[in-house]
Amino acid sequence: MALRVLVPVKRVIDYAVKIRVRADKKGVETANVKMSMNPFDEIAVEEAVRLKEKKIVKDIIAVSIGPAANQETLRSAMALGADRSIHVETDKETQPLAVAKILHMLAKKEKPDIVLLGKQAIDDDCNQTGQLVAGFLGWPQATFASKVEIAEDHKTMNVTREVDSGLETLKLVLPSVITCDLRLNEPRFAKLKDIMAARKKPIEKITPEELGISMEPRIRILSVDEPPVRPPGVKLDSLDALVAKLKEHGFIQSN
């Protein structure tokens, strides 16, 4: 029996945009800034589509939580190959705990075999949502996946993940939660016909309140600051000059 996959996707500032801190130092500027799908979530969508192309997966459901503009991100996911989408619409800040609770409720409703998401979002770098979802559902989890192999009976899978000492392979019983690392795959570019077709695919709208979830933030940002400006480098013309400079700054001591 083919599987169903739930793929959460987050709308973030595009990775190529230079980030600017707001004047009040409570966040970064998002007005008139290019937004796109979180790159790690794009990898999750790509992996789900590849599994569908192998006839392992039959249904890919993309989910995004945020304002009306998030529908653009969902259309991008459907252009890449997701079959349908769910938009949990809210104008409030999305933090990992509330997001995980929403995904927990949607997983109970949609009954996916796999929740497949990026290991982290590039805006807050929390790396918490996948683990929290697995905890709420009581499902096995494999984080930082660099390879996913589904067994022929579709009841288990082997996931290779990156750890400090190298690679670790886990065997999980489905249903499971997987978070994706960069080396899992290289996402494709959507074709024009798929972009046009995505406009006709359904997006179900729902609110956190309908799911019984409060979006009140649990974390308060005290201040956001620009990183300190690094002093310019110095070009030296000899090894003796380098040693003298290191001694001057106290990095080495004279005998």
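The values are calculated or read from the model by the stated rules, or taken from the named source; none is laboratory data. Because the structure is a prediction, the values reported are computed rather than measured. Because the Cβ atoms are built from the backbone with ideal geometry, glycine has one as well, and the counts that use them run over all protein chains shown. Protein only, heavy atoms only, side chains kept; ligands, DNA and RNA dropped before computing areas. Shrake-Rupley method; radii C 1.70, N 1.55, O 1.52, S 1.80 Å.
Here the Karplus curve 6.51 cos²θ - 1.76 cosθ + 1.60, taken at θ = phi - 60°, turns the phi angles of region 32-47 into couplings of 6, 10, 5, 10, 7, 6, 3, x, 5, 6, 4, 5, 5, 4, 4, 5 Hz, with x standing for Gly and Pro. Checked against a 29 Å cut-off, the cross-linked pairs Lys25/Lys147; Lys108/Lys191; Lys26/Lys191; Lys111/Lys200; Lys108/Lys201 give Cα-Cα distances beyond that limit for Lys25/Lys147; Lys108/Lys191; Lys26/Lys191. Along the positive direction of the dipole of the chain (beta-carbon charges: Lys, Arg +1; Asp, Glu -1; about the Cα centre), which of Leu74, Pro232, Val99 reaches farthest? Of the candidates, Leu74 comes out farthest on the positive side.
Solvent-accessible surface of the chain, averaged per residue with a 1.4 angstrom probe and all protein chains in place: 59 square angstrom.
Taking the Cα centre of region 85-181 as origin and assigning +1 to Lys and Arg Cβ atoms and -1 to Asp and Glu Cβ atoms, the resulting dipole is close to 440 debye.
Evaluating kT/(6 pi eta Rh) at 25 °C and 0.890 mPa s, with the Kirkwood radius of region 151-225 over Cα pairs in the Stokes-Einstein relation, gives 136 µm² s⁻¹.
What is the Rg over Rh value, at two decimals, for region 1-110, using alpha-carbon atoms and the Kirkwood definition of Rh? Walk me through the intermediate numbers first.
Values: Rg = 15.2 Å, Rh = 14.9 Å.
Rg divided by Rh gives 1.01.
Its alpha carbons considered, the chain gives a radius of gyration followed by a Dmax of 22.0, 76 Å.
Amide H contacts of Lys147 (H built 1.01 Å from N, in plane; Pro and chain starts excluded): Thr160 sit under 5 Å, all sequence-distant by 5 or more or on other chains. Residues in region 136-153 carry Karplus couplings, in order, of 5, 7, x, 9, x, 9, 9, 9, 6, 5, 10, 7, 10, 10, 8, 5, 4, 7 Hz; the curve used is 6.51 cos²θ - 1.76 cosθ + 1.60 with θ = phi - 60°, and Gly or Pro positions show x. Using the Karplus relation 6.51 cos²θ - 1.76 cosθ + 1.60 with θ = phi - 60°, the per-residue 3J(HN,Hα) values for region 186-193 come to 10, x, 7, 8, 5, 7, 4, 5 Hz, with x marking Gly and Pro.
Under 16 Å of direct C-alpha separation, and excluding same-chain neighbours fewer than eight residues apart, Lys34 reaches these aspartates and glutamates: Asp14, Glu72, Asp123. The magnitude of the dipole of region 133-255, with charges of +1 and -1 set on the Cβ of Lys/Arg and Asp/Glu and taken from the Cα centre, is near 480 debye.
Quick check on the chain: helices-only [θ] at 222 nm, where DSSP H runs of length 4 and up contribute -39,500 (n - 2.57) each and the sum goes over total residues. Nearest 500, please. So the calculated ellipticity at 222 nm is -8000 deg cm²/dmol.
At most 10 other Cβ atoms within 10 Å and a DSSP loop assignment: could you name the trypsin sites (Lys or Arg not before Pro) in region 1-107 that fit?
Lys18, Lys34, Lys54, Lys55
Accessible surface of region 102-255, 1.4 Å probe: 54 percent of it comes from carbon and sulfur atoms. Within the chain, the longest segment free of exposed loop sites, counting chymotrypsin sites (Phe, Trp or Tyr not before Pro) that fall outside DSSP classes H, G, I, E and B and have at most 15 other Cβ atoms within 10 Å, spans 16-188.
Please get the size of the charge dipole for region 192-250, origin at its Cα centre, with Cβ charges of +1 on Lys and Arg and -1 on Asp and Glu, quoted in debye to the nearest 20.
On the way: 11 positive and 10 negative charges, 70 e Å.
Using only the charged Cβ atoms, the result is roughly 340 debye.
Projected onto their three principal axes, the Cα atoms of region 203-242 cover extents of 70, 29, 13 Å, largest first.
Of the beta bridges DSSP finds with both residues in the chain, what % are antiparallel, to the nearest 5?
On the way: 17 of 43 bridges.
Restricted to the chain, the bridges split so that about 40 percent are antiparallel.
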